[in-house]
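As structure tokens, the structure follows; a few thoughts come after it.
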Amino acid sequence: MNERLKFLKSVKPFHLLGEDVLLGVLDLLVEIKYQKDTLIYHQEVTKLKGVDLIVAGEYESFFYDTAQNKRLLETHQRGYCYGGISMLLNRKKSLRTVIAKKGTVVYHLPKKDFRALAKSNEGFLHHFTQEFGLRMLNEEFAHFVKRPTSFEENYIATDQLYSRRIESVEYREIVTCGATAPIYMAARLMAQHKTSCLFVKNEQDQIVGYITDITLRDNVVAAQEDVRGQAREIMDNPIVSIKKEAYVHEAILLMFRTKTRYLLIEDQGQYIGMISRSKLLSDQAQSPFMFIQSVKLARSGNELRERWKRVPEIVMQLLLRGAKPEIINQVITTVADTIAQKVIEEVIAICGPAPAKFVFMVLGSEGRKEQTLKTDQDNAIIYEDKANEQRELVREYFLKFADMVSEKLDYIGFSYCAGGYMAKNPKWTHSLSHWKRNYQGWMQEILPETAIMFSTFFDCRYIYGDASIMQELVSFLDQELQKPMPRLFFHMAKNALQYEPPLTFFNNIRTFTVGSQQVIDIKKAMTPIVDLVRVHALQNRIFKTNTGERIEALAEAGVFTEKQCQELMQSYYYLMGLRLRKQATQIMQDKTEPDNYLDLQSLTKIEQVTLKEIFKTISDFQLGIKVQFTNNLFG
């Protein structure tokens, strides 16, 4: 057999073509040799004149970042075809920078001939679109391909704002005093060390609290406490820490969630320093985190309403700076939580202190910390059990309380839930024992609708109140889930199979018509991932609520392989990014209410190819769920 023909049959996707076609291709190939290392293509600059088939030697391909560092370096050897993706999906511009190494020999196929092959053979074309779709699920690859308008500026901003770790920030030494030290001595230590936060240690040398300037003002001066009293009598709690490897944005969001102004920095189980919120925020003067601070400082419902209206603007800013969708979700969720907490505090000030311990919890996407810009209220209240004579008074208080909270949230911009999943609905404001019976009933009734109810209320977390109530509920669920519940998992798995990814037999995306647009429902496209991950989390008694955190925990538990973990994470957050961008654009540019419909015509060819690969990934995982939980491969 002709050696060139034999070689051509070994090159993907030319191996898909018939021998008569390949014989015709042989006459079109031009041999090129490189006597030394040669930079032949520069990313987004060089227009390709065709594709290269490596016969001997190797190509080195990569992206240059702003500091001219090579990123995502790959080597390609004999039998690799370079340039197909760039020709078909990137306006003939080379996606990556390519260096041909010394001694490399390639066969070059001119672009008109390559495009003719792609046009006449669907399998040949699909090879390149599939390869590109899979690559786009890699976040770093996608970041370089989808360059913002001002790439250099935005890439640097993204690196600094969302890739900087705590260990790179200058933090302060920890100043401490004993729990029995006089208050005046604690204040003297703070003055001596010029620190606004002093940590308090117990007899076992453990940090158990802290004293700040605000502590001295509120707990000593305003309360007219004797300054000769002990530090432990006026110290504040809780102690909040973060590992030095954590990202700066994670530290800031943690501070907002826990309402602490100071974080202890941890290294291998030891506290090595502390840092203040004001220090971190001063380093992020132009960042969305300053906006979150402004939400915390808002004093009225009108101010909170205006802040919430600005969230789409913040989301758009984050998108343009290349922030990951999961970070954007965290920012939206933190703002929403902060607003709800301020509303709750305002209502307590009006109604008086709660007559029982309670938690105000959020459900659904907010419970999973995956809020978008199309959101409504999903919440509930659990309060501690009280004696018979107090029971009705306690319930009366919380129903009034819930009604006021929901009304104020609606005014701010969190509309009432159409399905009635709100604390203002008497059905979802109850005692802890009642809630235990709710969960138990949903797990035991074994009906499709109760499985859906259980799913909704499994995605819950508390944002205000007494943590012990939530801990007791989780402990109860942990015990219940250790009992055999095949029917519950069967129905939950069936829910995860309700949505069929919109791919036709020929791997085209199936759309439906809304107005003049051909669209897909991006929320429904994401739902199977949420559902199938939840089923696995329940089966393995993993009580994290965020989908990404659940995926990582399931990988750590060995339920998902590392490859499956990456596929699910990348697919889910790619879809989330498209959804957030669409909604922010509707609000900011179109001045319309956001929805979850995605017009395929608004997507680039690159994005459409990536979507196809994501839908294939979802189908594969659904097949696994079908076999594992329903014992039915075909039904």
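Conditions tested, residue by residue: (1) of a type in the set (Phe, Trp, Tyr); (2) in contact with an Asp or Glu (Cβ under 6 Å, 6 or more places away or on another chain); (3) under 30 Å from residue 442 (Cα atoms); (4) not in a helix (DSSP H, G or I).
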residue: 483; (1), (2), (3), (4): no, no, yes, yes
residue: 489; (1), (2), (3), (4): yes, no, yes, no
residue: 492; (1), (2), (3), (4): no, no, yes, no
residue: 501; (1), (2), (3), (4): no, no, yes, yes
residue: 520; (1), (2), (3), (4): no, no, no, yes
residue: 530; (1), (2), (3), (4): no, no, yes, no
residue: 533; (1), (2), (3), (4): no, no, yes, no
residue: 538; (1), (2), (3), (4): no, no, yes, no
residue: 543; (1), (2), (3), (4): yes, no, yes, yes
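Do we have any residue at all in region 69-82 that's among the aromatic types (Phe, Trp, Tyr), crowded, with 17+ Cβ neighbours inside 10 Å and over 27 Å from residue 138 (Cα atoms)?
If we filter region 69-82 for residues that are among the aromatic types (Phe, Trp, Tyr), which is where we start, we get 80, 82.
Filter again for crowded, with 17+ Cβ neighbours inside 10 Å, leaving 80, 82.
From the residues that got through so far, the ones that are over 27 Å from residue 138 (Cα atoms) too are none.
So far as region 69-82 goes, no, none of its residues is among the aromatic types (Phe, Trp, Tyr), crowded, with 17+ Cβ neighbours inside 10 Å and over 27 Å from residue 138 (Cα atoms).
Is it the case that region 353-371 has a residue that's of a type in the set (A, V, I, L, M) and either assigned to a helix (DSSP H, G or I) or at positive phi (or both)?
Residues of region 353-371 that are of a type in the set (A, V, I, L, M), as a first pass: 354, 356, 359, 361-363.
If we keep only those that are either assigned to a helix (DSSP H, G or I) or at positive phi (or both) too, we end up with none.
The answer is no, given that none of the residues of region 353-371 is of a type in the set (A, V, I, L, M) and either assigned to a helix (DSSP H, G or I) or at positive phi (or both).
Among (1) under 16 Å from residue 359 (Cβ atoms); (2) assigned to a helix (DSSP H, G or I); (3) in contact (Cβ under 8 Å) with a residue 60 or more places away in the chain, where does residue 423 come up short?
Every condition holds for residue 423 apart from (2).
Which one of these does residue 382 not meet: (1) more than 25 Å from the chain's Cα centre (by Cα); (2) at pLDDT below 85; (3) among the β-branched types (Val, Ile, Thr)?
(2)
Go through (1) polar (S, T, N, Q); (2) over 27 Å from residue 498 (Cβ atoms); (3) surrounded by fewer than 18 Cβ atoms within 10 Å (Cβ to Cβ) for residue 431 and report which single condition fails.
Exception for residue 431: condition (3).
Which number in (1) more than 21 Å from residue 536 (Cβ to Cβ); (2) surrounded by 19 or more Cβ atoms within 10 Å (Cβ to Cβ) marks the one condition that residue 440 misses?
Unmet condition: (2).
What strands (runs of 3 or more DSSP E) lie completely within region 11-72 and have 1 or more residues being closer than 17 Å to residue 110 by Cβ, touching a residue at least 12 places away in the same chain (Cβ under 8 Å) and in the same structural domain as residue 107 (by TED's automatic domain parsing)?
Values: elements: 30-33, 38-41, 50-56, 59-64.
The qualifying strands (runs of 3 or more DSSP E) are 30-33, 38-41, 50-56.
If I filter region 506-520 for residues that are crowded, with 17+ Cβ neighbours inside 10 Å and more than 30 Å from residue 122 (Cβ to Cβ), do I get at least one hit?
For region 506-520, residues crowded, with 17+ Cβ neighbours inside 10 Å and more than 30 Å from residue 122 (Cβ to Cβ): absent.
Filter region 94-146 down to residues that are in a helix (DSSP H, G or I), without any contact (Cβ under 8 Å) to a residue 60 or more places away in the chain and out of contact with any Leu (no Cβ under 6 Å at 6 or more places or on another chain), then give me how many there are. Quick ask: steps written out before the conclusion?
Kept after step one, since they are in a helix (DSSP H, G or I), are these residues of region 94-146: 111-120, 122-136, 139-145.
If we keep only those that are without any contact (Cβ under 8 Å) to a residue 60 or more places away in the chain too, we end up with 112, 115-116, 118-120, 125, 131, 135.
If we keep only those that are out of contact with any Leu (no Cβ under 6 Å at 6 or more places or on another chain) too, we end up with 112, 115-116, 119-120, 125, 131, 135.
Here the count works out to 8.
Which is touching a Ser or Thr at 6+ places or on another chain (Cβ under 9 Å) and crowded, with 24+ Cβ neighbours inside 10 Å, of 423, 356?
Details: 356 fails: crowded, with 24+ Cβ neighbours inside 10 Å.
Testing whether each residue is touching a Ser or Thr at 6+ places or on another chain (Cβ under 9 Å) and crowded, with 24+ Cβ neighbours inside 10 Å leaves just 423.
Looking at the structure I just gave you, is residue 147 surrounded by 13 or more Cβ atoms within 10 Å (Cβ to Cβ) and modelled with pLDDT under 95? Lay out the reasoning, then the answer.
Numbers: surrounded by 13 or more Cβ atoms within 10 Å (Cβ to Cβ): yes; modelled with pLDDT under 95: yes.
Yes.
Here is a yes/no grid of residues against (1) closer than 30 Å to residue 588 by Cα; (2) surrounded by fewer than 20 Cβ atoms within 10 Å (Cβ to Cβ):
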| site | (1), (2) |
| --- | --- |
| 263 | no, no |
| 276 | no, yes |
| 279 | no, yes |
| 289 | yes, no |
| 307 | yes, no |
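Can you tell me which condition residue 33 does not meet? The list is (1) buried (at least 16 other Cβ atoms within 10 Å of the Cβ); (2) at pLDDT 95 or above, and all the others hold.
Failing condition for residue 33: (1).
How about region 15-45: which of its residues are acidic (Asp, Glu) and more than 23 Å from residue 58 (Cβ to Cβ)? Even if it seems obvious, please write down each step before you answer.
Within region 15-45, the first condition is being acidic (Asp, Glu), and the residues that meet it are 19-20, 27, 31, 37, 44.
Passing the criteria: 19, 20, 27.
Mind checking which residues of region 382-427 are under 16 Å from residue 351 (Cα atoms) and β-branched (Val, Ile, Thr)?
394, 405
Applying the selection to region 443-454, what residues are within 18 Å of residue 368 (Cβ to Cβ) and modelled with pLDDT of 85 or more?
Keep residues of region 443-454 that are within 18 Å of residue 368 (Cβ to Cβ), which gives 451-454.
The answer is 454, and nothing else.
Could you tell me whether any residue of region 225-244 is touching a Phe, Trp or Tyr at 6+ places or on another chain (Cβ under 9 Å), closer than 30 Å to residue 325 by Cβ, in contact (Cβ under 8 Å) with a residue 40 or more places away in the chain and not assigned by TED's automatic domain parsing to the domain that holds residue 318?
yes
Which of the residues spanning region 192-220 are within 15 Å of residue 172 (Cα to Cα) and among the aliphatic types (A, V, I, L, M)?
Residue satisfying the conditions is 198 alone.
Pull out all pairs, ordered by first then second residue, where Cβ-Cβ is under 6 Å, the residues are six or more apart or on different chains, the first lies in region 609-629 and is at pLDDT below 90 and buried (at least 21 other Cβ atoms within 10 Å of the Cβ), and the second is not charged (D, E, K, R) and not in a helix (DSSP H, G or I).
Listed pairs, sorted by first residue: none to list.
Being touching a Lys or Arg at 6+ places or on another chain (Cβ under 8 Å), modelled with pLDDT under 90 and either under 30 Å from residue 453 (Cα atoms) or part of a loop (DSSP other than H, G, I, E, B) (or both) narrows it down to one residue among 338, 260; which is it? Full working, then the answer.
Numbers: 338 fails: modelled with pLDDT under 90.
260 is the lone residue from the list that is touching a Lys or Arg at 6+ places or on another chain (Cβ under 8 Å), modelled with pLDDT under 90 and either under 30 Å from residue 453 (Cα atoms) or part of a loop (DSSP other than H, G, I, E, B) (or both).
The values are calculated or read from the model by the stated rules, or taken from the named source; none is laboratory data. These numbers were taken from a predicted model, which means no experiment stands behind them. When we count neighbours, we look across all protein chains shown, and the Cβ atoms used for this are built from the backbone with ideal geometry, even at glycine.
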